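S.K.: Below is one structure. I have some questions about it.
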Amino acid sequence: MLRIVTLFTLLLSFTTSTMAADKIKVMHLNGQSNKYHSWKGTGDAINQHLKSADIFEVDVVTSPAGGEDMGKFSPKFSDCDVIVLNYDGAEWSEKTKKAFVKYVRNGGGVVTIHGANNSFAYWSEFNEIIGLGGWGGPGLYDPPLYQGEADKQASRNEDWGPRVYWQGCGLVHDDSPGSTKHPPKHDFIITNRTPDHPIMHGLPEMWLQSHDEVYSDLRGPGKNLTILATAYADQKLKNASPHNEPMLFTVSYGKGRVFQTTLGHVGARDDATVLAVRNVGFITTLQRGVEWAATGDVTQAIPEDFPTAYEATVR
Ligand code: ZN
């Protein structure tokens with residue numbers, strides 16, 4: 001009897017470990033955001049959506065809080081297939097930054113969600129890795145970043161590189177001056193620009209995103225960038241960009257794959273119930289983008305409740 005039980009336990013542990021080993025190892029890195037966002041709210045939504053995809057094994061890594069000592073914060077990047085960055089705050093130590101760059105260069109996947117691209121304005125390799133970012137001025141953080149460093153007080157603008165948008169049949173790099181901006185939250189159409197890309201394959205030409213921010217005039221080196229989807233903001237709104245702005249895009253950096261979704265605003269007092277992160281377009285492209293950044297391919301089916309151009313769907 002004892003032998004049968006042992007054998008059964010062995011078999012069970014083997015099956016469980018095989019199943020776990022088959023799953024994509026995700027590091028969901030969070031812990032800080034600027035004054036306008038809630039990393040907790042965004043994080044709860046990310047955890048739910050990654051869990052429901054049932055192909056990810058998620059390890060949540062939370063940094064020290066804003067203003068606390070970052071010196072010992074040193075996640076083991078090399079253990080995971082993809083890092084989901086839901087972090088916007090104080091710079092990491094030189095050692096941790098070096099480990100992150102090495103991880104991406106060697107083929108690691110990275111996904112940034114909405115405000116995560118506001119982070120690390122003064123870390124040049126990070127700007128190369130994410131291609132484009134927004135804001136990042138030290139006064140947007142509590143406590144303010146880069147105190148006493150007079151040369152690090154600006155927010156992302158033309159000094160960081162061009163803005164990149166879609167015009168005609170391709171992307172345009174535009175060096176004209178200006179800072180990043182967005183109009184107030186509203187419903188807007190997302191247009192699929194690269195339907196052959198694994199993340200976009202099978203998605204409709206257009207769909208509706210609910211009540212979110214159209215990040216506009218993001219700035220950065222903008223190298224090795226593929227725009228997957230764009231949005232054109234309601235022109236009646238303040239700060240509406242006159243361009244088709246990139247909402248979903250990829251960057252290649254060394255052997256690494258980077259996917260950015262600029263969608264998914266969760267305000268400082270909001271939680272994971274806000275429409276921007278309940279929208280099935282946001283959920284589906286996040287799940288597909290994380291898989292692609294980890295493996296270079298997408299195996300997930302398009303859900304039946306995917307939104308259309310006329311009707312947004314939320315879960
Ligand atoms: Zn936002």
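Just so it is clear, none of the values below were taken in a lab; they were calculated from the coordinates. No experiment lies behind these values; they were computed from the predicted model shown. Here the Cβ is made from the backbone with ideal geometry for all residues, glycine too, and neighbour counts use every protein chain on show.
S.K.: What full-extension length gain, to one decimal in nm, is calculated for ASP22 and THR308 as 0.36 nm per residue of separation minus the Cα-Cα distance?
M.R.: Extra length available between ASP22 and THR308 comes to 99.7 nm.
S.K.: Under a point-charge model restricted to the Cβ atoms of Lys and Arg (+1) and Asp and Glu (-1), what is the dipole moment magnitude of the chain relative to its Cα centre, in debye to the nearest 20?
M.R.: Computed about the Cα centre, the dipole is about 520 debye.
S.K.: Here's a follow-up. Given LYS185/LYS255; LYS35/LYS152; LYS97/LYS185, which pairs have Cα atoms separated by over 30 Å?
M.R.: Long pairs (Cα-Cα over 30 Å): LYS185/LYS255; LYS97/LYS185.
S.K.: Assuming 0.36 nm per residue, please report the length gained on full extension of the stretch TYR36 to ASP174 beyond their Cα-Cα distance.
M.R.: The span from TYR36 to ASP174 would gain 46.9 nm if fully extended.
S.K.: Could you give me D for the range 226-266, from Stokes-Einstein at 37 °C and 0.692 mPa s, where the hydrodynamic radius is the Kirkwood radius over C-alpha pairs? Units µm² s⁻¹, please.
M.R.: The Stokes-Einstein estimate is 280 µm²/s.
S.K.: Determine the distance separating the Cα centre of the range 215-292 from the Cα centre of the range 108-158; give it in Å without decimals.
M.R.: So the separation of the two Cα centres works out to 16 Å.
S.K.: State the volume of the convex hull built on the alpha-carbon positions of the range 110-202, expressed per residue in Å³ and rounded to an integer.
M.R.: 143
S.K.: Binning every alpha carbon pair distance of the range 172-247 at 5 Å from zero, what are the percents per bin?
M.R.: 3, 15, 25, 23, 19, 12, 3, 0
S.K.: Averaging over every viewing direction, what projected area does the convex hull of the Cα atoms of the range 81-129 cover, in nm²?
M.R.: 3.2
S.K.: For the range 117-171, state what percent of all Cα-Cα pairs lands in each successive 10 Å bin, counting from 0 Å until the bin that includes the largest distance.
M.R.: All Cα pairs, binned at 10 Å, distribute as 22, 48, 22, 7, 1 percent.
S.K.: Rank by packing, highest mean first: peptides 111-124, 50-63, with packing defined as the count of other Cβ atoms within 10 Å averaged across residues.
M.R.: Per-residue mean Cβ counts within 10 Å order the peptides as 111-124, 50-63.
S.K.: Per residue and in cubic angstrom, what volume does the convex hull of the Cα atoms of the range 235-315 have?
M.R.: 146
S.K.: Diagonalise the Cα gyration tensor of the range 45-88 and give the resulting equivalent ellipsoid semi-axes, square root of 5 times each eigenvalue, largest first, whole Å.
M.R.: Largest first, the range 45-88 gives 23, 13, 7 Å.
S.K.: Still on this structure: Given the options LEU140, GLN235, HIS28, identify the residue whose Cα lies farthest towards the positive end of the charge dipole of the chain (+1 on Cβ of Lys, Arg; -1 on Cβ of Asp, Glu).
M.R.: The one lying farthest along the dipole's positive direction is HIS28.
S.K.: Here's a follow-up. Per the Cauchy relation, a quarter of the hull surface: what is the mean projected area of the convex hull of the alpha carbons in the range 274-315, in nm²?
M.R.: 3.2
S.K.: Ok, one more. What's the angle, to the nearest 10 degrees (0 to 90), between helix 280-295's Cα axis and the longest principal axis of the chain?
M.R.: Compared with the principal axis, the helix lies near 70 degrees.
S.K.: Still on this structure, please answer the following. Normalised by the residues of the range 238-315, what does the relative contact order come to in percent, with Cα pairs under 8 Å and at least six apart?
M.R.: Value for the range 238-315: 24 percent.
S.K.: Subtracting the Cα-Cα distance from 0.36 nm times the residue separation, let me have the gained length for TRP123 to LEU275 in nm, one decimal.
M.R.: That works out to 51.5 nm of additional length.
S.K.: May I have the pair-distance distribution P(r) for the chain, computed from all Cα-Cα distances with 10 Å bins from 0 and rounded to whole percent?
M.R.: 6, 27, 36, 20, 6, 3, 1, 0
S.K.: Also, I was wondering about something else. Quick one: Cα convex hull volume of the range 23-136, Å³ per residue?
M.R.: Taking only Cα atoms, the range 23-136 has a hull volume of 96 Å³ per residue.
S.K.: Another question about this same structure. Taking Cα pairs under 8 Å and at least six residues apart, what relative contact order does the chain come out at, in percent?
M.R.: 19
S.K.: While we're on this one: Counting every Cα pair in the range 182-297, what percent are over 21 Å apart?
M.R.: Across the range 182-297, Cα pairs with separations above 21 Å total 37 percent.
S.K.: If you average the sequence gap of Cα pairs under 8 Å that are 6 or more apart and divide by the length of the range 120-218, what percent do you get for the contact order?
M.R.: 24 percent.
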